[in-house]
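S.K.: Let me give you the structure first, and then I'll get to my questions.
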Amino acid sequence: MKTRAPNDDDIAALQRLLEQARQEAQQLASALAESWDELTLLYNLAEGLRGILEVDKAVRLALEQVMAVITVEGAGVLLRDESGEWQVRLALCPTDRDRWLHSPLGRAVAVEALRRRRGFIVNDLADHPQWGEVAKTFGVRNLVAVPLNPDGHAPGALLAWNSLTRDAFTAGELKLLSTVAAQTSGVIESAYLFQQLRESFQGFISSFATAVDAKSRWTAGHSHRVTHYALWLGEHIGLERAYLEKVRLAGLLHDVGKIGVPDAVLDKPGRLTDEEFAIIKRHPEEGYRILSPIRQLRGDILDGVLYHHERVDGKGYPFGLVGDEIPFMGRLLAVADGFDAMTSDRPYRAGMPKEKALAILAEGAGTQWDRDLALAFVELMGNRPVLQNLPEEALL
């Protein structure tokens, strides 16, 4: 059978089939790329969010992932607190065009996302009947918004605006943002509940410290002042935030053992006898004994309780440790505790002036106190006041 040569119609039909196949291949490739972006986003976000118990860290990671997979001018998160107030928790935007988030427009978009309980796109924002005029003043052309933690204690919305690759956001980009929001919502709620629990725990610790200090009018407020001094010193030398939280608790609890010291000894106006001083010297170990069953306090916090009366020359108590044998928290609190003891009134003497106390600290640097910590404290206290009694909430 003789084969017919293809005519123009045959060639045109073949070209149409090839073009259709090419378009289908492009669509498949685009779908695969979107799926890959979503899977990569899910993996990176899940890995990053693991173990995070701070709202701000979770929000930052979510926005960084959004900016990594969607080419936009900016992205931000608004959250509503329990009093109903809206707050821009974080915005990532290389220009100043995040100002609209702080305006009623930002709140209106977030409220709308929560009301709908699903994400939405507005690609011609200038034509929007309610938001158009305001959006033009801020230079916001298009946006995508998704609800965040809608049933939690801190609901809000995740927003991205001004696509830089096209004039309109796509359904695929909306899906990616919805994925980010779903992953992040649970972490935000967990972080919020953890923060509430931590604040309750810190409030209890603060009240406990106040009760211990109240045993004697001469020690009232001592633990709170020591905590402030220790935090000032920790910030001055660049300690990380997580360690500063431990400093806060260790400072509040460092004298808990004095709950077992008789009032007559604490309030004695004259010199203590050897027997009375021996009772006083037991308070670090007594505090450690009282607090050691609390697992969350073990380690650095209990080190501060047990070792804050050690001296680097080995003449301290309860163990006579020398130099770096004394855990860092103990050395840090020793400086703060020593300064407050010198500048506070006692039944047998008036508190000394700040300048004299700092001179004693400088002289004792390297013998009674850790040299670097004592000198750093002298430096920072040059232009800071001696603290008086502080309200409990000052440390919460």
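Any read-out appearing in this document is the output of simple, stated calculations on the displayed coordinates, not a laboratory observation. What you see is a predicted model, and the numbers here were worked out from it, not measured in a lab. Don't worry about glycine lacking a Cβ; one is built from the backbone with ideal geometry, like all the others, and counts go over all protein chains shown.
S.K.: How big is the charge dipole of segment 93-167 about its Cα centre, in debye rounded to the nearest 20, if each Lys and Arg gets +1 on its Cβ and each Asp and Glu gets -1 on its Cβ?
M.R.: With only Lys, Arg, Asp and Glu charged at Cβ, the dipole is about 140 debye.
S.K.: Relative to the Cα centre, what is the charge dipole magnitude of segment 34-192, using +1 at the beta carbon of each Lys and Arg, -1 at the beta carbon of each Asp and Glu, and rounding to the nearest 20 debye?
M.R.: 180 debye
S.K.: Length gain on complete extension for the stretch residue 289 to residue 235, per 0.36 nm per residue less the alpha carbon to alpha carbon distance?
M.R.: Using 0.36 nm per residue and subtracting the Cα-Cα distance, I get 16.5 nm.
S.K.: I need to check one value: relative contact order of segment 214-395, counting alpha carbon pairs closer than 8 Å and at least 6 residues apart, in percent.
M.R.: RCO, segment 214-395: 24 percent.
S.K.: Listed highest first by mean packing, meaning other Cβ atoms within 10 Å per residue, what order do 320-329, 373-382, 130-139 come in?
M.R.: Highest-to-lowest ranking by the protection proxy: 373-382, 320-329, 130-139.
S.K.: Can you pull the one-decimal nm distance between simple spin-label points at residue 267 and residue 242, each 7 Å off the Cα toward Cβ?
M.R.: 4.5 nm
S.K.: Then there's this: Kindly rank 290-296, 114-120 from highest to lowest mean number of other beta carbons found within 10 Å of each residue.
M.R.: The densest-packed peptide leads the list: 114-120, 290-296.
S.K.: For residue 349 and residue 102, what does the FRET efficiency come to when R0 = 41 Å and r is the distance between their Cβ atoms, rounded to the nearest 0.05?
M.R.: For R0 = 41 Å, the calculated efficiency reads 0.15.
S.K.: With a cut-off of 16 Å, note down the residues of segment 326-353 whose backbone N falls inside the zone around a label point 7 Å from the Cα of residue 313 toward its beta carbon.
M.R.: 335
S.K.: Still on this model: Where in segment 224-268 does the label zone of residue 276 land, with the point 7 angstrom along Cα→C-beta and an amide N cut-off under 15 Å?
M.R.: Zone members listed by number: 261-268.
S.K.: Using a ≥ b ≥ c from the Cα gyration tensor of segment 34-192 (square roots of the eigenvalues), is it rounded, prolate or oblate, where a/c under 1.5 gives rounded and otherwise the larger of a/b and b/c decides, a/b for prolate?
M.R.: Note, shape of segment 34-192 comes out oblate.
S.K.: Separate question: Per 5 Å bin, what is the whole-percent P(r) computed from every C-alpha pair distance within segment 214-395?
M.R.: Final binned percentages: 1, 8, 17, 21, 24, 18, 8, 2, 0.
S.K.: Going by how many other beta carbons lie within 10 Å of each one, how would you line up 240, 73, 173, 235, fewest first?
M.R.: Ranking 240, 73, 173, 235 by Cβ neighbours within 10 Å, fewest first, gives 240, 235, 73, 173.
S.K.: Something else: I'd like the distance between the alpha-carbon centres of segment 159-185 and segment 216-278, rounded to an integer number of Å.
M.R.: 52 Å
S.K.: Given a Förster radius of 51 Å and the C-beta distance between residue 356 and residue 170 as r, what FRET efficiency does 1/(1 + (r/R0)^6) yield to the nearest 0.05?
M.R.: That gives a FRET efficiency of 0.10.
S.K.: What FRET efficiency do you get for residue 151 and residue 380 if R0 is 45 Å and r is their Cβ-Cβ distance, rounded to the nearest 0.05?
M.R.: Efficiency, from the Cβ-Cβ distance: 0.50.
S.K.: Continuing with this model, one more query. Using the scaling law 2.2 N^0.38 Å as the reference, what is the normalised Cα Rg of segment 207-257?
M.R.: For segment 207-257, the normalised Cα radius of gyration comes out at 1.17.
S.K.: When you count, for each residue, the other Cβ atoms within 10 Å and take the mean per peptide, how do 222-228, 244-250, 143-149 rank with the highest first?
M.R.: 143-149, 222-228, 244-250
S.K.: Which entries of 258/315; 268/356; 175/246; 315/354; 57/354 show an alpha-carbon separation above 29 angstrom in the structure shown?
M.R.: Checking Cα-Cα distances, 175/246; 57/354 exceed 29 Å.
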